[in-house]
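Each remark here refers to the structure printed beneath this line.
The values are calculated or read from the model by the stated rules, or taken from the named source; none is laboratory data. Note that the coordinates shown come from a computational prediction; the quantities given were computed from them, not determined experimentally. A quick note on method: Cβ atoms are made from the backbone with ideal geometry, for glycine too, and the neighbour counts reach across all protein chains shown. All accessible areas refer to the heavy atoms of the entire protein, side chains included, with ligands and DNA or RNA removed. Shrake-Rupley method; radii C 1.70, N 1.55, O 1.52, S 1.80 Å.
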Amino acid sequence: MADASRQESPDPDNQTVTFTDKEADESPDLRAREKEEEIAAGEEFYPGDSGSFRAWLVVAGTIAGNLSTFGYVNAWGVFQAYYEQNILSDVSPSNIAWIGSIQYSLVFFPGLVTGRMFDLGYFKIPFVASSTLLVVCTFLVAQCKEYWQFILCQGIATGLSCGLIFGPNLGVIGHWFKKKRGLALGFSAIGSSIGGTIFPLATRRLIPLVGFPWTMRICAFILVFTLGFANLTLARRLPPKNVSGGLLNLKAFKNAAYSVYCLSGLVAFLGLYTTLTYIDASAVFYGVSPDWSFNLVAIANGSSLFGRIAGGFFSDKFGSLNCLIPMTLLAAVMTYAWPFARTQSSLIAVAVLYGILSGTYVSVFALPIFALGDIHDVGRRTGMALTCAAFGALAGPPISGAINTATGGFTAVGYYAGSTIVLSVLLMVVTRQLVLRGAIWAKI
C-alpha cells in the first residue's frame, strides 16, 4: 500500500518522484489546481491572498505613492509653523491654514473622478500625468513669495495632483487582495508615515543650510524617484466594468450604512488633522524652541506607522469597523489632551500616541467601503466617500485656526476637534448596527 503521506508522479523517464506533504503544498501545479477550484466554486481568485510576489510588488508601489502624496501633505504642520514665522509672517495663522486645508481636501476631492475612471480601466496615463504635475508643482513652490502664489501652487495644484494619484493608488489594492486586504492596506499606508517623517525633518534641516527654494527642489527630486517607482510597479488586474450611473452612483446612498459611514468620514476630518497641523505651532506657543518643535510632526507621522500596520492586521482579524471605533475614540481622547501638553516631554507623548491612533483611522478608513457594495464599483464608491471626507478636510484646519485666533490659545481648539472625532465615532457605531441588523457581535 502506498504511503498516504506521499504523492507519486511519473517523470518523462518513467522514474518515480516523490513529494512530501510540504513539497506538494508548495508545488505550482497544486496552487494552480487550488485556483481552478476556487474559480469553479464561484470565488474570484486574488493573487495577493496566496502570497503572490507581483501582488506584494503592487503594495510596494502603493507605499511609494502614499509617501509622495499623503506623506508629503502630512508634513504641512512644519510648513504652517515656518510660514507663520518667516515668509508669510504678515498673514494670520487661519489664512495660512487654508493652504494646508486646500491640500488635504484636494487629496480627497478628485476621488469622484478618479474612482470612476479607475472602474472604467483608465489608470496608467492619468497616473503618469498627475505624477508629473506634482513634481512640477513642488519645483514651483520654491519660487513662491506671495500668499496667493502659495495658495495656487502648494494648495490647489499640489493638492489636486496628490488626489489624482491617491485615489487609484488606494483602489488598486482591491484588485490584488481580498482576504488579506486589510493587511495590504496597512502596509500601503506605511508610505504616509515614511513621507510624513522624511519631509518635515528634511525641510527644517535643509532650510538653514541651502535656503527654502533649494529645499523644495530637493523635495521635488525625492518625488521624482518615489513616483517613478510607483509608476513602474502599479497595475490593474481585474477587467474594467462600465457599471451604470456615470460619475455618481446615487443608488449606493440607498444603503443606509454606506450613507452614514460617508457622513462619519466628513465629520472625522473636521477634527482629525487639527493636532497634526497645530502641534508644532502650539509647542512654540508654550515656550518650546522653534528649532526643536518641528520634530513633533515627524514624531507623530513616524509613530503612525505602527498604527497603520496594526490597524490592517486587526481589521483582517476582527473586522474593520470593530477596529476603527475604539481606536478613533482614543484618538479623540488624545485630541482633548493635546492642548494641556505644555512641556517637551508631554508633547512627545501626545505626538506618539496620537500618531499611532490617527494612523489606524487613515489606514483602515477605506476598508468598510469595500464591503458595502460590489468590488467592480469600488472605485466609484470610494471616490464618493473620499469626496464627502474632503469637505471636512477643507473646513477643519481653518475652523481650528479661527478658534485659535479668537481665543488666543489652543484649549478651545482641542475641545472642538476632539468633539468632532467623538461624533464621527458615534456615526460609525450607527453604521455597524445598520449592517448587523440587531446582532451584538460579528466580524465587520
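Scanning for something surrounded by fewer than 16 Cβ atoms within 10 Å (Cβ to Cβ) and more than 16 Å from F269 (Cβ to Cβ), does the stretch 379-386 turn up at least one residue?
Scanning the stretch 379-386 turns up no residue that is surrounded by fewer than 16 Cβ atoms within 10 Å (Cβ to Cβ) and more than 16 Å from F269 (Cβ to Cβ).
Enumerate the helices (runs of 4 or more DSSP H) found wholly within the stretch 37-134, keeping only those where 3 or more residues are within 21 Å of V378 (Cβ to Cβ). Steps first, answer last, please.
On the way: elements: 53-66, 76-85, 93-108, 111-120.
Hits in the stretch 37-134: 53-66, 111-120.
Of the numbered conditions (1) open to solvent by less than 10 Å² (accessible area, probe 1.4 Å); (2) over 16 Å from the mean Cα position of the chain (by Cα); (3) closer than 15 Å to N231 by Cβ, L133 fails exactly one; give the number of that condition.
Exception for L133: condition (1).
Would you confirm, using the coordinates I've provided, whether F118 is within 23 Å of the chain's Cα centre (by Cα), open to solvent by 10 Å² or more (accessible area, probe 1.4 Å) and of a type in the set (F, W, Y)? Please lay out each step first, then the result.
Values: within 23 Å of the chain's Cα centre (by Cα): yes; open to solvent by 10 Å² or more (accessible area, probe 1.4 Å): no; of a type in the set (F, W, Y): yes.
No; evaluated as a whole, the condition is false for this residue.
When you scan the stretch 214-258, how many residues do you find that are open to solvent by 20 Å² or more (accessible area, probe 1.4 Å), part of a helix (DSSP H, G or I) and closer than 25 Å to V128 by Cα?
Adding up the residues that qualify gives 11.
Just to be sure I understand, how many residues within the stretch 176-213 are of a type outside the set (K, R), open to solvent by 10 Å² or more (accessible area, probe 1.4 Å) and assigned to a helix (DSSP H, G or I)?
Here the count works out to 16.
Could you check the stretch 328-377 and list, in sequence order, the residues that are part of a helix (DSSP H, G or I) and either free of Cβ contacts under 8 Å to residues at least 24 places away in the same chain or charged (D, E, K, R) (or both)?
Answer for the stretch 328-377, where residues must be part of a helix (DSSP H, G or I) and either free of Cβ contacts under 8 Å to residues at least 24 places away in the same chain or charged (D, E, K, R) (or both): S345, S346, A349, D377.
Can you tell me how many residues within the stretch 82-111 are under 28 Å from I369 (Cβ atoms) and open to solvent by 40 Å² or more (accessible area, probe 1.4 Å)?
Number satisfying all stated conditions: 1.
Filter the stretch 378-418 down to residues that are outside any helix (DSSP H, G or I) and within 13 Å of Y278 (Cα to Cα) and give me whichever is farthest from the chain's Cα centre (by Cα).
Restricting attention to the stretch 378-418, the residues satisfying the condition of being outside any helix (DSSP H, G or I) are 408-410.
Then drop every residue that is not within 13 Å of Y278 (Cα to Cα), which leaves 409-410.
Numbers: G409: 30, F410: 26 Å.
Result: G409.
Anything in the stretch 323-348 that is of a type in the set (A, V, I, L, M, F, W, C) and under 24 Å from F313 (Cα atoms)? List them, or say none. Please lay out each step first, then the result.
Applying the first criterion (of a type in the set (A, V, I, L, M, F, W, C)) to the stretch 323-348 yields 323-325, 327, 329-334, 337-338, 340-341, 347-348.
Those that are of a type in the set (A, V, I, L, M, F, W, C) and under 24 Å from F313 (Cα atoms): C323, L324, I325, M327, L329, L330, A331, A332, V333, M334.
Under 6 Å by Cβ, and 6 or more places apart or on different chains, what pairs join a residue from the stretch 314-327 that is under 18 Å from A184 (Cα atoms) with one that is open to solvent by 60 Å² or more (accessible area, probe 1.4 Å) and not in a helix (DSSP H, G or I)?
Within 6 Å, the pairs are G319/K443.
Does L305 count as open to solvent by 10 Å² or more (accessible area, probe 1.4 Å), more than 22 Å from F340 (Cα to Cα) and in contact with a Phe, Trp or Tyr (Cβ under 9 Å, 6 or more places away or on another chain)? Working first, answer last.
Numbers: open to solvent by 10 Å² or more (accessible area, probe 1.4 Å): yes; more than 22 Å from F340 (Cα to Cα): yes; in contact with a Phe, Trp or Tyr (Cβ under 9 Å, 6 or more places away or on another chain): no.
No: the conditions fail for L305.
Filter the stretch 387-444 for residues that are of a type in the set (K, R) and open to solvent by 40 Å² or more (accessible area, probe 1.4 Å) and give the result. It would help to see each step written out before you state the result.
At the first step, the residues of the stretch 387-444 found to be of a type in the set (K, R) are 432, 437, 443.
Once the filter is applied, which keeps residues that are of a type in the set (K, R) and open to solvent by 40 Å² or more (accessible area, probe 1.4 Å), the stretch 387-444 yields R437, K443.
Which residues, taken from the stretch 121-130, are open to solvent by 20 Å² or more (accessible area, probe 1.4 Å) and closer than 19 Å to L67 by Cα? Before the answer, list the steps.
As a first pass, look at the stretch 121-130 and keep what is open to solvent by 20 Å² or more (accessible area, probe 1.4 Å): 121-122, 124-126, 128-129.
Listed by number, the residues that qualify are K124, P126, V128, A129.
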